Amino acid sequence: MARSTSGPTMCHDEGLRPPSASEKQLLQRLLTLDFDGAEALSQQLRMLLVEPIDRDGSLRLHPVDATPVSVARRIPVEATYADADGVVVHVLIHVIEGMLNELEVYREDSGGVLIAPVDATQLAVEPWV
């Protein structure tokens, strides 16, 4: 199966850029869950720049002029979905010092992601408690 072309590619010289509409929608979906700090973290999406990390769709997140948020865990929320071959893909938001820091995407078998998270049709989203 071919790798999705809609996700970001590994291109560190691409630099900081605004998130695509689908990346922003994915982040918003993860932050709609009810957990401590979710609403305030959503406010950080208003002025956000991203930097692609890898071919799987992971992004370094750079909130601009944002207020730090108190969260209970570094990873407050996670989503999962089945990749094209059935292997589970994990999508995690990392928060460091109260700021959105990373959208991490990885497969349980450490292989390359076939379906980018922005293209996943069914995401199971749950808070880490």
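The values are calculated or read from the model by the stated rules, or taken from the named source; none is laboratory data. Being a predicted model, the structure only gives us computed values, none of them experimental. In this analysis, Cβ positions are derived from the backbone assuming ideal geometry, glycine residues included, and neighbour counts consider all displayed protein chains.
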Just one of Leu33, Leu45 is among the aliphatic types (A, V, I, L, M), modelled with pLDDT under 95 and out of contact with any His (no Cβ under 9 Å at 6 or more places or on another chain); which is it? Leu33
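Find the residue count for region 43-57, including only residues that are touching a residue at least 24 places away in the same chain (Cβ under 8 Å) and farther than 14 Å from Gly15 by Cα.
As a first pass, look at region 43-57 and keep what is touching a residue at least 24 places away in the same chain (Cβ under 8 Å): 43-45, 48-57.
Narrowing further to those that are farther than 14 Å from Gly15 by Cα: 43-45, 55-57.
Residues that pass the stated criteria total 6.
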